[in-house]
Number of protein chains: 4
Amino acid sequence: MTSFIFRRQLTVEWGQCDPAGIVFNPRFFEMFDTTTWLLFEAALGVKPDALARHYGIVGIALVDARANFLKPAKFGDVIEIAARVTEFRRTSFDVEHRLSIGGDIAVEGAETRVWAVRNKTDPDRLATAAIPPEVIAKFG
Amino acid sequence: MTSFIFRRQLTVEWGQCDPAGIVFNPRFFEMFDTTTWLLFEAALGVKPDALARHYGIVGIALVDARANFLKPAKFGDVIEIAARVTEFRRTSFDVEHRLSIGGDIAVEGAETRVWAVRNKTDPDRLATAAIPPEVIAKFG
Amino acid sequence: MTSFIFRRQLTVEWGQCDPAGIVFNPRFFEMFDTTTWLLFEAALGVKPDALARHYGIVGIALVDARANFLKPAKFGDVIEIAARVTEFRRTSFDVEHRLSIGGDIAVEGAETRVWAVRNKTDPDRLATAAIPPEVIAKFG
Amino acid sequence: MTSFIFRRQLTVEWGQCDPAGIVFNPRFFEMFDTTTWLLFEAALGVKPDALARHYGIVGIALVDARANFLKPAKFGDVIEIAARVTEFRRTSFDVEHRLSIGGDIAVEGAETRVWAVRNKTDPDRLATAAIPPEVIAKFG
């Protein structure tokens with residue numbers, strides 16, 4: 001469990017909501033994705049669009065995503081997101097996203113991602129590589 | 001585990017893909033959502049937009065969603081989706097979505113949903129209700 | 001032409017971009033929609049989710065949208081949006097959205113919307129109503 | 001005005017609709033984009049993901065998009081889309097999208113696109129090229 005926590009706020013938009021007037025679930029996975037990029041920017045000081053080039057990787061590829069929806073988020077609600085890496089393994093890591101509204105947890109999300117590089121024998125495919133210790137160190 | 005399986009095919013669209021040229025993960029959760037509606041239509045013979053009215057419910061509200069991404073889906077790929085209810089409980093149920101491309105599993109998704117009604121004392125909140133046996137029976 | 005201009009900034013997200021690495025055009029129309037709600041909030045002091053109730057309307061329904069794409073917006077680009085109402089008519093109005101990146105105009109968008117109320121004889125349909133003078137006055 | 005018309009049908013999905021219960025306008029621009037790819041596939045016999053490679057272009061880049069919303073589309077509505085190229089110019093062309101529901105026009109959309117190639121002196125920028133006569137001929 002790393003100690004670095006990235007926080008952001010966003011206000012639910014009309015177009016993120018469905019006919020029930022609440023955020024349509026795929027929109028939360030969009031929020032997770034963007035938040036992970038911003039978490040890495042905050043921890044590493046490298047802008048999202050420079051991350052791949054900076055570390056010589058293809059990206060931080062998603063292999064698993066999940067969410068529990070505890071409380072609906074409505075148009076105009078202010079969502080507070082707190083994200084952190086809950087575990088670094090050799091080539092993969094887990095990110096936790098806790099979304100709260102007015103102090104109550106609304107959504108608990110989690111992603112598993114890999115440090116992805118080009119496969120040497122087949123450049124169309126991905127391979128995983130060891131996450132550099134200096135990257136892990138920056139998350140505390 | 002129910003025996004009724006709903007299958008559909010779709011072709012990956014340009015706008016579903018990200019700068020890596022592969023389907024952006026929230027788009028898979030859109031596919032799961034639509035597929036669950038169609039699975040229920042196929043099993044029950046009730047159109048999605050008539051489901052709530054037909055059964056006197058608010059809807060089949062999502063409480064949990066998850067996906068494993070095993071193989072990327074690219075622009076133009078034909079995705080074959082097979083969906084079924086893996087378990088009915090008293091007020092909730094699980095739906096499994098298996099997405100394959102050219103015979104290989106690309107994404108394994110799962111949703112947990114509840115049979116949702118209006119809360120009697122606070123109509124702004126939801127409550128769960130028992131899933132009618134005749135609904136469960138239609139899934140085999 | 002009103003004088004009230006609403007400005008906001010946003011950074012292009014990974015999931016807003018297509019395989020060409022640039023913002024997928026429908027995402028700009030999402031930006032227009034949200035920006036119009038925020039323009040009204042800024043001018044009127046009424047939060048988007050309270051607008052309909054506050055003025056006894058159904059909403060500010062879109063009847064026309066258009067955009068010129070002059071310069072692509074890439075992942076990580078900071079987009080500066082300036083929005084204003086270019087014309088108020090009796091029951092409708094035009095909103096202009098100018099999106100610039102690094103000082104250069106990237107997208108010019110425009111929406112035409114109506115002050116929409118329930119049709120009295122058929123509540124499933126919309127009708128237009130006269131925009132209150134005090135609303136128009138707040139846009140300068 | 002070319003004579004080749006491409007038609008498709010789609011059913012409005014839950015996640016395409018907003019809290020008013022109608023299709024959120026950017027979703028129509030997604031439909032236009034996909035329909036244009038399919039129109040080209042139908043006319044040219046080249047699959048969308050092979051189009052750029054087949055003709056040695058970067059793509060058919062959008063420079064202008066617009067839509068009139070005449071009638072709302074609701075969850076479950078069957079939308080009939082008819083698309084055609086209304087004009088070919090030397091390096092650009094216009095596509096018209098007519099969306100109807102139950103025989104009534106619901107949305108009239110239009111796109112202007114260019115036959116886009118890499119700029120020779122600056123490969124990061126696009127240039128336009130003459131549309132091959134054999135491409136135009138296939139649209140009748």
- Item | Search result, residues across the range B:70-82 that are outside any strand (DSSP E or B) and either away from chain D (no Cβ under 12 Å) or touching a Pro at 6+ places or on another chain (Cβ under 8 Å) (or both) | B:Leu70, B:Lys71, B:Pro72, B:Phe75, B:Gly76
- Query: Taking the condition closer than 20 Å to D:Leu51 by Cβ, more than 10 Å from every other protein chain (Cβ to nearest Cβ) and touching a strand residue (DSSP E or B) at 6+ places or on another chain (Cβ under 9 Å), does D:Thr112 pass?
  - Reply: no
- Query: Looking at B:Ile105, B:Ile22, which is the one that is more than 13 Å from every other protein chain (Cβ to nearest Cβ) and under 30 Å from C:Glu13 (Cα atoms)?
  - Reply: B:Ile105
- Please work out which one of (1) at the interface with chain C (Cβ under 9 Å from one of its Cβ atoms); (2) farther than 20 Å from B:Arg27 by Cβ; (3) within 14 Å of the chain's Cα centre (by Cα) is the condition A:Lys47 fails and give its number. (3)
- Message: Criterion first (out of contact with any helix residue (DSSP H, G or I) (no Cβ under 8 Å at 6 or more places or on another chain), at pLDDT 95 or above, surrounded by fewer than 16 Cβ atoms within 10 Å (Cβ to Cβ) and not small (Gly, Ala, Ser)) does D:Glu108 satisfy it?
- Response: no
- Look at D:His97 and say whether it is in contact with a Ser or Thr (Cβ under 9 Å, 6 or more places away or on another chain) and at negative phi. yes
- Message: Considering only residues that are surrounded by 17 or more Cβ atoms within 10 Å (Cβ to Cβ) and among the hydrophobic types (A, V, I, L, M, F, W, C), which ones fall in the range D:64-82?
- Response: D:Ala65, D:Ala67, D:Phe69, D:Ala73, D:Phe75, D:Ile79, D:Ile81
- Task: Could you list, in sequence order, all residues of the range A:1-12 that are modelled with pLDDT of 95 or more and surrounded by fewer than 19 Cβ atoms within 10 Å (Cβ to Cβ)?
- Result: A:Phe4, A:Ile5, A:Arg7, A:Arg8, A:Gln9, A:Leu10, A:Thr11
- Within the range B:131-140, is even one residue modelled with pLDDT under 95 and in contact with a Phe, Trp or Tyr (Cβ under 7 Å, 6 or more places away or on another chain)? yes
- Task: Could you list, in sequence order, all residues of the range C:21-45 that are within 14 Å of D:Ala61 (Cα to Cα) and in contact (Cβ under 8 Å) with a residue 12 or more places away in the chain?
- Result: C:Gly21, C:Ile22, C:Val23, C:Asn25
- Task: Considering (1) aliphatic (A, V, I, L, M); (2) within 14 Å of chain B (Cβ to nearest Cβ); (3) buried (at least 21 other Cβ atoms within 10 Å of the Cβ); (4) more than 22 Å from B:Thr35 (Cβ to Cβ), say which one D:Val85 fails and leave the rest.
- Result: (2)
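Table: residues versus (1) among the hydrophobic types (A, V, I, L, M, F, W, C); (2) outside any strand (DSSP E or B).
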position	(1), (2)
A:Arg8	no, no
A:Met31	yes, yes
A:Arg53	no, yes
A:His97	no, no
A:Ala110	yes, no
A:Trp115	yes, no
- Note on the structure: Within the range A:41-68, the residues that are closer than 30 Å to B:Arg125 by Cα and in contact with a helix residue (DSSP H, G or I) (Cβ under 7 Å, 6 or more places away or on another chain) are A:Ala65, A:Ala67
- Message: Looking at the range A:52-69, I want the residues that are facing another protein chain (nearest Cβ under 10 Å) and have a partner that is polar (S, T, N, Q) with Cβ atoms under 6 Å, at least 6 apart or on another chain. Which pairs are those?
- Response: A:Leu62/B:Asn25; A:Val63/A:Thr112; A:Asp64/A:Thr112; A:Asp64/B:Asn68; A:Ala65/B:Asn25
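The values are calculated or read from the model by the stated rules, or taken from the named source; none is laboratory data. All values reported here derive from a predicted model rather than from experimental measurement. All Cβ positions, even for glycine, are placed from backbone atoms using ideal geometry, and neighbour counts span all protein chains on display.
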